[in-house]
Amino acid sequence: MSTKPVLATTSILTLPVTLERRKWRTPMAILAADWVALSVMYWLAVIGRYWVSPEYTLSFYLQLYPVVGIFIAAFFVCGLYPGILLHPAEEVRRVFYCASSLFLLIATTTFLFHNAAIYSRSVFLVTWAAVAPFVLLARHVARQRFAGKPWFGIGAIVLGSSPAAKRVIRSLKDTRLGMRITGVLTEDQIGAWESDLPPILGSFSSAAEIATAGAASYAIIVLPDKSSAEISQIIRDRCVGFERVLFVPDLPGVCSLGITAREIAGSVGFEMPQRLFHSGARAVKRVIDLVASALGLLLLSPFLVLIAAVIKITSRGPVLYRNERFGLGGRPFHAFKFRTMVTNGDEVLNEYFANRPDLLLYWENHHKLKEDPRVTVIGRWLRRFSLDELPQLLNVLIGEMSLVGPRPILPGEVPKYGMSYKTYARVRPGMTGLWQVSGRNNTAYEERISFAEYYVHNWSIWLDFYTLARTVRVVLTGDGAY
């Protein structure tokens, strides 16, 4: 990565002040997406019901259409606008809870006023089931569409230039999160600055001028080397005029989703949910696994039989392959897969490495090969769309795996996990997970470990739903599969 010398700071007068004053465009774009999604979903349900039973007049439901505005108001109350830095799993939770609460209120109101008979129950149930998927999809499309526009994103400056600050800056380069980094303030002596980072605007003393000029609404403080007293003074003296101040503490490896700030005798406390110890949430997760795996095996049984027949016809050996993995509590189990390799795989692999010794080190580090000579023709097709893992629904059903969780690891991988293995062993490994939806085999091994740790520390039902939704796209595109 190229660097550029820091000889002079960028003039604050050149900042996109006008664009920041139009910051209302970002939440309005999301609001418009919500309105379109709610409208389309509502009229699809109404028209579909009208085709089935024409006695339901469209003019009556036209009078009810303004109720869409109530949903927009409810989303505002639930903090969905402007939706800055809102994790997708948290967004799923808020949209679902907000919409469900409003539907419950509507149902209660119609019951109390004895006019429920004039409404279609099918329209009510369909719209309730569809509102969250429609809204979330529309928001995703809107962010994809507008993220490249110069007006999209709330302006922010970052106070700090440490490696931690650079990680934050690079993560916020994706303006789909709703934030656009205007520049950086630092008090450190910097001889060079990476070219892919926003410009250095000056020292901390320039913060007040930036706030007065309206060039940014957020001040993001990333100063891991500063004491609490120094941080307090910087917030008090340098961040005056900003609408919001975001302090990013150096707390790696702790829960970052669902943290609640608490005031205790004038001090700030961070309440971190330990969802792994919530027996109710774990029970719900297990029930979802049981129901989904049983239904999946039942509905997919003809397709599974077809795959088994093709494997048996095209290559010698058993249909299923059992591989030892480590699961909950470090207990070993056998993960089921459709066989995708030849039966004499070890001989083929040894011969392959004899001709390609340069790939032996890659194999020892990743346990994967892009062009694995052991994989059959049918096996490559099964792996591309993750169909070889469908038999793991049996592992989910009997409680050895979960639908969502960390990637199940081999016995030889335990030493590579180090202290992180204890974290991994606190949950059941999953058929899918953050690793599978974040590039799969294209990710470094250290990233796979970090995905497992992140999942365990931030686990929730909503993170599972978000991961399952992303899995559908990854499976259809075959992203990172080989």
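Which FRET efficiency value, to the nearest 0.05, do you get for PHE353 and TYR445 by plugging their Cβ-Cβ distance into 1/(1 + (r/R0)^6) with R0 = 25 Å?
On the way: r = 19 Å, r/R0 = 0.77.
The computed FRET efficiency comes out at 0.85.
Here region 25-146 is assigned +1 on the Cβ of each Lys and Arg and -1 on the Cβ of each Asp and Glu. Its dipole about the Cα centre then comes out at about 240 debye. One Cα centroid belongs to region 170-240, the other to region 391-459; the line between them spans 36 Å. Taking packing as the residue-averaged number of other Cβ atoms within 10 angstrom, the listed peptides 418-425, 385-392, 95-102 run from highest to lowest as 385-392, 95-102, 418-425. Taken along the Cα-to-beta-carbon direction at a fixed 7 Å, the label points for ASP250 and ASP346 span 4.8 nm. Over all other residues within a Cβ to Cβ distance under 15 Å of ALA74, the charged ones net out to 0, with Lys and Arg as +1 and Asp and Glu as -1.
Solvent-free Debye calculation, one equal scatterer per alpha-carbon of the chain: log10 I(q)/I(0) at 0.09 Å⁻¹ equals -0.82. For the chain, a simple Cβ point-charge model (Lys and Arg +1, Asp and Glu -1, everything else neutral) yields a dipole of about 920 debye relative to the Cα centre. The Cα atoms of region 25-146 cover 45, 28, 22 Å along the three principal axes, with the biggest extent listed first.
In the P(r) worked out for region 375-414, what percent of Cα pairs fall beyond 16 Å? The proportion of pairs with Cα distances above 16 Å equals 51 percent. Applied to region 447-461, the Karplus parametrisation 6.51 cos²θ - 1.76 cosθ + 1.60 on θ = phi - 60° returns per-residue 3J(HN,Hα) values of 5, 4, 5, 5, 5, 5, 5, 4, 4, 5, 6, 10, 4, 7, 4 Hz, with x for Gly and Pro. Sorting 64-71, 458-465, 232-239 by their mean Cβ neighbour count within 10 Å, with the most densely packed peptide first, gives 458-465, 232-239, 64-71. Computed from the Cβ-Cβ distance with R0 of 41 Å, the FRET efficiency linking SER100 to GLU263 stands at 0.85.
A cut-off under 12 angstrom between Cβ atoms defines the neighbours of THR343, and their net charge, with Lys, Arg +1 and Asp, Glu -1, is +1.
A simple spin-label model places the labels of TRP363 and ARG322 2.6 nm from each other, with each point 7 Å out along Cα-to-Cβ. Of the two radii for region 238-318, the radius of gyration is 1.34 times the Kirkwood radius, both from the alpha carbons; that is the Rg over Rh value. Here the gap between SER301 and ARG236, fully extended at 0.36 nm per residue and compared with their Cα-Cα distance, gives a gain of 17.0 nm. In this structure, the residue pairs whose Cα-Cα separation is over 28 Å, taken from LYS149/LYS370; LYS312/LYS368; LYS166/LYS285; LYS23/LYS166, are LYS149/LYS370; LYS166/LYS285.
Just so you know, all these numbers are worked out from the coordinates, no wet-lab data involved. Keep in mind that this is a model prediction, so the values were computed, not measured. Here Cβ is always computed from backbone atoms with ideal geometry, including for glycine, and neighbour counts include all displayed protein chains.
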